[in-house]
Ligand SMILES: Cc1cc2nc3c(=O)[nH]c(=O)nc-3n(C[C@H](O)[C@H](O)[C@H](O)COP(=O)(O)O)c2cc1C
């Protein structure tokens, strides 16, 4: 039977599926639930220095082809997050990845230093949230220079490996990835949500989300995510966590063939339940057995050959 285990920057994962940032609430019990349901690793919600309440409801829409959210980066703040991550690390036998963000570049350094106290296995640097522009301005992931600046600041403040999470909303994600690699990133996570987009309730004639606009995720963005990962793989030599629209085992395999060493799953938790991790693994294993692939590495990046 195919072996799904992967080593991502020294993190030993029993399979390549990872809970994406922001999908479950922050508690250690929610994250543990994802691991118990088959996830090979988990990413926390993005954490800021201070507690944030986020946007007002409604904050999420789930349609057949897409999910749209304007959660607004609600989180308990770094002090509480450090305790939660320490607690989680005691409870789960899987890598824990802490997602951080800052209002200004300098804040990323402080966040990196503070979150490192909890000894997460990796830090994911979220520079790509599209639904807080009113508050923070354009995400740092939109320009090579600002993306590289944040990467450098984070690296100066932690010894823990970092993965920088990129936005698809750019003309050349490969160029941004290269700038981030040159600035010292250990890995890249791609992609964050697309847009922002908007959905209108035709009864009231008004936008459904209270924030009006939100980041788009789920099945509709999968081809964009696959192309982004493909382009990044062409531009850098650091490993990639592929994310965007992965719902089935075949979707995960496709992302790995595009160049991902591991895959994150977010919106599909809403479509298939928390068991989506074990379902995706079972489906991927079945495909691999049928096709004669014995390990994930055998398929990594083969779309480029
Ligand atoms: C409700 C919701 C909340 C999210 N919150 C975060 C977040 O806090 N930080 C982050 O980096 N990404 C966040 N994301 C983006 C996901 O981690 C992921 O990059 C994106 O949804 C694409 O993957 P998917 O199609 O599998 O959902 C969020 C997505 C959703 C649907």
Residues that are near the ligand (Cβ under 9 Å from one of its atoms) and closer than 21 Å to residue 33 by Cβ, drawn from the range 239-262
243, 246, 247
Since residue 170 meets every condition but one in (1) in contact with a strand residue (DSSP E or B) (Cβ under 8 Å, 6 or more places away or on another chain); (2) surrounded by fewer than 24 Cβ atoms within 10 Å (Cβ to Cβ); (3) in a loop (DSSP other than H, G, I, E, B), which condition does it not meet?
(1)
Residues in the range 197-222 that are within 16 Å of the chain's Cα centre (by Cα) and without any contact (Cβ under 8 Å) to a residue 40 or more places away in the chain total 1
Restricting the range 73-110 to residues that are more than 18 Å from residue 8 (Cβ to Cβ) and assigned to a loop (DSSP other than H, G, I, E, B), the residue that is farthest from the ligand (Cβ to nearest atom)
104
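Yes or no: residue 86 free of Cβ contacts under 8 Å to residues at least 12 places away in the same chain, surrounded by fewer than 24 Cβ atoms within 10 Å (Cβ to Cβ) and under 22 Å from residue 26 (Cβ atoms)? Lay out the reasoning, then the answer.
Details: free of Cβ contacts under 8 Å to residues at least 12 places away in the same chain: no; surrounded by fewer than 24 Cβ atoms within 10 Å (Cβ to Cβ): yes; under 22 Å from residue 26 (Cβ atoms): yes.
No, not satisfied.
Provide a single number: the residues in the range 176-211 that are away from the ligand (no atom under 16 Å from the Cβ) and part of a strand (DSSP E or B).
4
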Residue in the range 29-50 that is surrounded by the fewest Cβ atoms within 10 Å (Cβ to Cβ), counting only those that are more than 9 Å from the ligand (Cβ to nearest atom) and closer than 20 Å to residue 112 by Cα:
50
Among the residues in the range 265-274, are any out of contact with any helix residue (DSSP H, G or I) (no Cβ under 7 Å at 6 or more places or on another chain), buried (at least 18 other Cβ atoms within 10 Å of the Cβ) and not in a helix (DSSP H, G or I)?
yes
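Would you point out the residue of the range 212-228, among those that are more than 12 Å from the ligand (Cβ to nearest atom) and farther than 16 Å from residue 241 by Cα, that is surrounded by the fewest Cβ atoms within 10 Å (Cβ to Cβ)? Give the steps one after another, and end with the answer.
Residues of the range 212-228 more than 12 Å from the ligand (Cβ to nearest atom): 212-213, 227.
From the residues that got through so far, the ones that are farther than 16 Å from residue 241 by Cα too are 212-213.
On the way: 212: 16, 213: 18.
For the range 212-228, the residue satisfying everything is 212.
Just so you know, all these numbers are worked out from the coordinates, no wet-lab data involved. Bear in mind that the values here come from a model prediction, so they are computed numbers and not experimental data. With ideal geometry, Cβ positions are generated from the backbone for all residues, glycine too; neighbour counts draw on all protein chains shown.
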